[in-house]
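A short worksheet on the structure shown next.
The values are calculated or read from the model by the stated rules, or taken from the named source; none is laboratory data. These numbers come from a predicted model, not from an experiment. Note: ideal-geometry Cβ built from the backbone for every residue, glycine included; neighbour counts use all protein chains shown.
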Amino acid sequence: MNNKIWLSLAHMSGREQDFIKEAFDTNWVVPLGPNVDGFEKDLEGFVGHDRHVVALSAGTAALHLGLIQLGVGPGDEVICQSFTFAASANPIAYQHATPVYIDSEKDTWNMDPALLEEAITDRLAKTGKLPKAIIPVHLYGMPAKMDEIMAVANTYGIPVLEDAAEALGSEYKGRRCGTFGDFGVLSFNGNKMITTSGGGALVCRTPEQAQKTMFYATQARDNAPHYQHTHIGYNYRMSNICAGIGRGQMTIVDDHIAKRRANHALYASLLKEVNGISLLTNPSDQFNSNHWLTCILVDPAVAGCTREDIRLHLEKENIETRPLWKPMHMQPVFKDAPFYGNGTAAGLFDKGLCLPSGPTLTEQDINRVVVAIKSLQS
Ligand SMILES: *Cc1c(COP(=O)(O)O)cnc(C)c1O
């Protein structure tokens, strides 16, 4: 049997253990300390644009604290991209607000700016209120059409919480994802661009927002010698141990991005001649995806096989793949949420597959995946 080819595995630089050892040696085994500060500085330098980054226990926690600071509460509506992972939307429910889902456009597979505007005007007409926030996502690392989305958001004065959990290092018009919205969200979960074993960060525009984020992330303690609270708080701060892993990962983040882009380029060249299979690719040079995962669409009428045929065949070949995210408006838990769409995300879910894309893939691995796909067509 051939070796297993995984969808996306974490890869360590070797420096992680040094930072962790330092934390033990200096007894900073707590949710603050030099590694947390260092990791935040690394991330601030990486995303640029004078942003203030707060390291948290998860990307989901970052989304939650972003919504809280945008004032989202019971009875509010929050607009969210439907084609995403549930973590983008769950924090809306934590705040007892209602998600309003928006379909994707075909170029980037992300939030359709025209449907966004249609939804805003329709919600205003139906409820008399504007949605409280907008959550676009850079899915699979592909930047959303941020100029158009920000233009609509600014027209109606609605803040944007940008979910860049999958898009560390991706750029739109030369600017790093996570820096476009009022807040940006990063994730360092196990199979994201870099990992801290589990973790995330909130990218803030001002030092005051960063202070507020830390305040809410550490049980909302007021400034007093005793424990005094005037707000509900959370235990969302990243530990100094996890941040040590993050500092090690930041020493190789550029290599990881280059490698995932190289994986995508090799898949693109090898699959070019294969009928009925297309890749999610930068629609123009304004988009520069990190290609976190390489995704294909299978047109069964042309390819002679379905997405599911390919997935099951690759599974037999010991190759792990995964269907694209199932859109939120199709999820049983969100069945009552308003949705503005045209079938794009549902079509992507029906025809799409994520191929192995990790930073340790070899050329032979990618060849093996492509040969297995081609074997179904002959
Ligand atoms: C992973 C992910 C998140 C959540 O990040 P966690 O660190 O796993 O909590 C949010 N949004 C998207 C699109 C993600 O892929």
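Descriptive notes on the structure:
- Any hit, the range 211-221, residues being within 13 Å of the ligand (Cβ to nearest atom) and at pLDDT 95 or above: no
- Matching option when the condition is over 13 Å from H291 (Cα atoms) and within 11 Å of the ligand (Cβ to nearest atom), among V152, V185, V160: V185
- Residue that is in a loop (DSSP other than H, G, I, E, B) and surrounded by fewer than 19 Cβ atoms within 10 Å (Cβ to Cβ), where the choices are K374, K326: K326
- Identity of the residue in the range 71-98, surrounded by 23 or more Cβ atoms within 10 Å (Cβ to Cβ) and farther than 15 Å from P159 by Cα, that ends up farthest from the ligand (Cβ to nearest atom): S82
- Hits in the range 325-378 - residues which are of a type in the set (D, E, K, R) and within 16 Å of L314 (Cβ to Cβ): K351, D365, R368, K374
- Any hit, the range 132-140, residues being within 18 Å of I92 (Cβ to Cβ), more than 16 Å from the ligand (Cβ to nearest atom) and of a type outside the set (S, T, N, Q): yes
- Residue within the range 292-305 that is without any contact (Cβ under 8 Å) to a residue 60 or more places away in the chain, touching a strand residue (DSSP E or B) at 6+ places or on another chain (Cβ under 8 Å) and part of a helix (DSSP H, G or I) present: no
- Scanning the range 266-300 for residues that are surrounded by fewer than 17 Cβ atoms within 10 Å (Cβ to Cβ), closer than 19 Å to R368 by Cα and under 22 Å from the mean Cα position of the chain (by Cα) turns up just one, L279.
- Of all residues making up the range 165-184, the number that are surrounded by fewer than 24 Cβ atoms within 10 Å (Cβ to Cβ) and not in a strand (DSSP E or B): 4
- Close Cβ contacts (under 8 Å, 6 or more residues apart or on different chains) running from residues in the range 68-88 that are part of a loop (DSSP other than H, G, I, E, B) to residues that are away from the ligand (no atom under 16 Å from the Cβ) and of a type in the set (G, A, S) comprise V72/A97; G73/A97; P74/A97; G75/A97; D76/A97; S82/G341.
- Hits in the range 111-141 - residues which are in contact with a Leu (Cβ under 6 Å, 6 or more places away or on another chain) and closer than 16 Å to F349 by Cα: Y140
- Just one of the listed residues (A303, A345) is in contact with a Phe, Trp or Tyr (Cβ under 6 Å, 6 or more places away or on another chain), farther than 27 Å from S13 by Cα and buried (at least 21 other Cβ atoms within 10 Å of the Cβ), namely A345.
- Residue match in the range 185-206 (condition: of a type in the set (K, R) and either more than 25 Å from N263 (Cβ to Cβ) or in a helix (DSSP H, G or I) (or both)): yes
- In the range 223-265, of all residues being surrounded by 12 or more Cβ atoms within 10 Å (Cβ to Cβ) and charged (D, E, K, R), the one that is farthest from G358 (Cα to Cα) corresponds to R237.
- Long-range neighbours under 8 Å by Cβ, at least six apart or interchain, first residue over 17 Å from D254 (Cα atoms) within the range 34-45, second among the hydroxyl-bearing types (S, T, Y): P34/T26; V36/S239
- Residue list for the range 44-65, filter: assigned to a helix (DSSP H, G or I), within 14 Å of the ligand (Cβ to nearest atom) and closer than 18 Å to L168 by Cα: G59, T60, A61, A62, L63
- Considering only residues in the range 219-245 that are under 30 Å from G190 (Cα atoms), part of a loop (DSSP other than H, G, I, E, B) and of a type in the set (A, V, I, L, M, F, W, C), the one that is nearest to the chain's Cα centre (by Cα) turns out to be M238.
- In the range 274-301, the residues that are under 22 Å from E148 (Cβ atoms) and in contact with an Asp or Glu (Cβ under 6 Å, 6 or more places away or on another chain): P283, N288
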